[in-house]
Amino acid sequence: MLNKNPLWRYILVPGLLLLALLYALPNLYPEDPALNISASRGGVVTEQTRQQLQHSFTAQGITAKSVELSNGQLLARFNSTEAQLQAREIANRQLGSGYITALNLAPATPQWLAAIGASPMKLGLDLRGGVHFLLAVDMKAALDKNLNDLVQTFRADLREDKIRYRNVQADIGRGQVQVSFRSTEDLTAAEAALKQRERELEFSSGSDNLTLLVSFSEIRLKEIREYALEQNITIIRNRVNEIGVAEPLVQRQGADRIVVQLPGVQDTAQAKEILGATASLEFRLVDTDGDLAAALEGRVPPGSELYYSRDGRPLLLEKRIMLTGDHISGASSGYDEYSRPQVNIKLDAKGGTLLSTSTKDTIGRRMASVFTEYKPGAETDADGNPILIKQQEVINDATITMRLGRDFSITGINTPAEAQNLATLLRAGALIAPVQIIEERTIGPSLGQENIELGITAIGWGMAAVLVFMAAYYKAFGMVANVALLANLVLITGLLSLIPGATLTLPGMAGIVLTVGMAVDANVLIFERIREELAEGKSVQQAIHLGYDRAFATIADSNITTLLVALVLFGIGTGPVKGFAVTLAIGILTSIFTAVVGTRLLVNLIWGGRRLQSLPV
């Protein structure tokens with residue numbers, strides 16, 4: 001019999017709607033204005049910190065809904081943004097510069113919904129407020145670092161192959177490594193050995209025929225730049241996650257730019273501290289044979305460099321780097337057997353092999369841990385951006401008592417807070433190349449709330465106009481289309497809440513408004529087709545059946561082309577454009593489902609299989 005619903009349609013449509021409704025429910029619970037407090041350098045969040053802050057809030061007449069300590073971070077919830085801002089002033093005044101206090105919005109989802117993974121839609125910067133940065137990666141620093149690494153690699157390779165050489169040094173200005181020999185035979189042997197080991201390098205001889213000039217090929221240069229950019233994105237994302245910024249956006253823009261959006265963070269100075277901590281760790285041997293007194297007078301040995309420890313003690317270290325922080329896979333703070341703070345470090349497989357090889361023949365010698373940090377200086381470049389100044393200090397030096405492997409510890413740290421912060425920084429990772437902030441914007445939470453209200457108003461008016469038109473023009477069938485339209489909105493909300501990477505932005509709300517108008521297009525095509533079939537003398541049941549079947553091809557064609565455009569926008573767009581593309585693509589898919597499958601269920605349920613002379617269409 002025509003127009004009878006199969007069992008799968010009775011199960012699929014209500015099932016999907018109930019599931020979408022379930023995951024859309026958290027959006028009915030408004031988020032709590034909150035403070036997220038985490039330790040910066042020189043601070044540590046403890047239970048005592050929590051109790052002191054809660055007491056200070058109460059003393060100043062601020063009622064906090066809750067103040068919770070979890071994973072080394074403090075989350076304080078409040079009833080209003082006014083209380084939130086007052087609490088931030090109190091926290092900043094009481095805790096000082098050793099902490100980062102970020103304004104946030106904490107989900108108020110009931111526990112039974114959170115248990116199944118339901119959460120509110122993620123809001124973009126334009127709806128939630130926060131800071132936006134555009135960072136430029138210093139590609140020259142990345143290339144210089146790779147040149148210096150190549151120097152260490154060549155020295156190790158030539159020693160392993162027992163090829164004698166006079167000197168290996170990097171010519172940063174020309175972007176090449178110069179290896180000098182005593183004979184042409186050694187040069188020829190070295191060139192053959194290095195070509196076999198190192199691919200994508202270009203070799204040539206100097207004018208004296210005793211110097212081998214090595215530079216990166218274009219392919220290798222491209223790989224270095226791509227690696228520096230992608231690794232910096234990953235590291236910045238990890239660093240932002242470490243301090244608890246909710247729903248951050250870190251993505252690539254162009255060949256050497258990174259876009260960073262931190263919703264909820266209103267203090268740009270704090271955000272710069274998060275992003276600008278371009279610190280790294282290096283391990284070098286102490287040069288005990290060099291003359292420290294001569295080095296202090298300016299006569300530093302060729303293979304060494306002069307450093308200073310945190311207490312001002314001078315140290316002469318070898319230029320050769322035994323290991324860099326790039327190989328650190330884990331770091332945690334703790335205490336040694338004398339209850340002194342330390343950082344426990346875990347290396348990856350390659351790092352463990354490098355350190356084991358380096359310390360095999362250096363037992364009894366001292367190894368220093370060099371902490372390097374880039375900070376903005378007073379001088380600026382041609383674009384007005386502050387020039388980064390490289391600051392280095394030795395945080396500890398200790399005697400190697402055994403061959404080291406993948407796990408070891410750094411001691412000589414002053415306080416437990418310093419150990420925790422160093423571990424956090426190392427765990428998040430060191431930037432492959434320094435970054436400079438070339439653009440910054442701040443969007444206040446009040447503007448974000450205003451955008452939300454305007455967007456909801458636009459969606460409401462658009463929805464009302466479509467509902468009235470469909471009910472007036474298509475009568476009872478128009479009411480069926482209206483039910484499908486409301487179900488479509490529930491599906492969009494549920495999917496945006498359910499998909500991990502989906503973020504609702506202001507252009508995304510425009511995409512929802514557009515979807516509301518487009519969602520009834522399919523029903524208009526179906527209903528007009530049913531009218532045509534009735535006008536041609538078809539029975540009511542035949543008209544319904546043929547109307548849905550013959551309109552489907554047109555519906556599919558029109559929506560697939562729009563979906564392809566949305567996919568292109570998502571692929572090449574950034575930020576707001578991606579938000580628009582996501583909501584548009586989801587809206588197209590849900591509108592096809594509700595218009596074709598959902599309305600067919602209702603139409604068949606109400607008018608299917610009955611002997612009727614006419615239809616209210």
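For the reader, a short list of remarks on this structure follows.
- Taking only Cα atoms of the stretch 285-324, radius of gyration then Dmax in Å: 9.9, 29
- Stokes-Einstein D in µm²/s, Kirkwood radius over Cα pairs - the stretch 90-242 at 10 °C with 1.306 mPa s viscosity: 78
- Per-residue SASA entry for L21, accessible area with 1.4 Å probe, Å² rounded to 10: 80
- In plain terms, the chain is cut at each of the GluC sites (Glu not before Pro) found in a DSSP loop with at most 14 other Cβ atoms within 10 Å, and the longest leftover piece is 1-199.
- The stretch 1-113: translational diffusion in µm²/s, Stokes-Einstein, Kirkwood Rh over Cα pairs, 10 °C, 1.306 mPa s: 95
- Just so you know, the Rg over Rh for the stretch 31-172 is 1.28, from Cα atoms, with Rh as the Kirkwood radius.
- Net length gained if the chain between A464 and S339 were fully extended (0.36 nm per residue, minus Cα distance): 38.1 nm
- Taking a sphere under 14 Å around the Cβ of D32 and counting the other residues whose Cβ falls inside, with K and R at +1 and D and E at -1, yields a net charge of 0.
- Kirkwood Rh (inverse of mean 1/r, distinct Cα pairs), the stretch 457-501, angstrom: 11.4
- Here the stretch 61-111 is treated as a sphere whose radius is the Kirkwood value from Cα pairs; by Stokes-Einstein at 25 °C and 0.890 mPa s it diffuses with a coefficient of 206 µm²/s.
- Reach of K222 by Cα under 30 Å, taken over lysines that are not fewer than 8 positions away in the same chain: K140, K145, K195, K272, K319, K350, K375, K390, K578
- Taken as entire DSSP H runs, the helices of the chain that both span 30 Å or more between Cα atoms along their own long axis and average -1.0 or more on the Kyte-Doolittle scale are 139-160, 218-242, 445-498, 540-572.
- Of every Cα-Cα pair in the chain, the percent that sits beyond 31 Å: 64
- Solvent-accessible area per residue, Å², over the chain with all protein chains present [probe radius 1.4 Å]: 48
- Only protein atoms count toward the accessible area here, which uses a 1.4 Å probe; on the chain, the carbon and sulfur part of that area reaches 56 percent.
- Largest to smallest principal axis extent of the C-alpha atoms in the stretch 161-211, angstrom: 28, 24, 16
- Averaging 1/r across all pairs of distinct Cα atoms in the stretch 170-247 and inverting the result yields a Kirkwood radius of 15.2 Å.
- Distance cut-off 22 Å, percentage of C-alpha pairs in the stretch 119-191 lying past it: 49
- Computed [θ] at 222 nm, deg cm²/dmol, the chain (DSSP H ≥ 4; -39,500 (n - 2.57); rounded to nearest 500): -16000 deg cm²/dmol
- Trypsin sites (Lys or Arg not before Pro), loop per DSSP, at most 12 other Cβ atoms within 10 Å - longest free stretch of the chain: 300-609
- Note on the chain: antiparallel DSSP beta bridges, both residues inside, total approximately 95 percent of the bridges counted.
- For E282, the shell of other residues with beta-carbons less than 15 Å away shows a net charge of -3, using +1 for Lys and Arg and -1 for Asp and Glu.
- Value of Rg/Rh across the stretch 503-557 [Cα atoms, Kirkwood radius]: 1.22
The values are calculated or read from the model by the stated rules, or taken from the named source; none is laboratory data. What you see is a predicted model; the values in this text were computed from it and never measured. Here the Cβ is made from the backbone with ideal geometry for all residues, glycine too, and neighbour counts use every protein chain on show. SASA here: full protein model, heavy atoms, side chains in, ligands and nucleic acids out. Shrake-Rupley method; radii C 1.70, N 1.55, O 1.52, S 1.80 Å.
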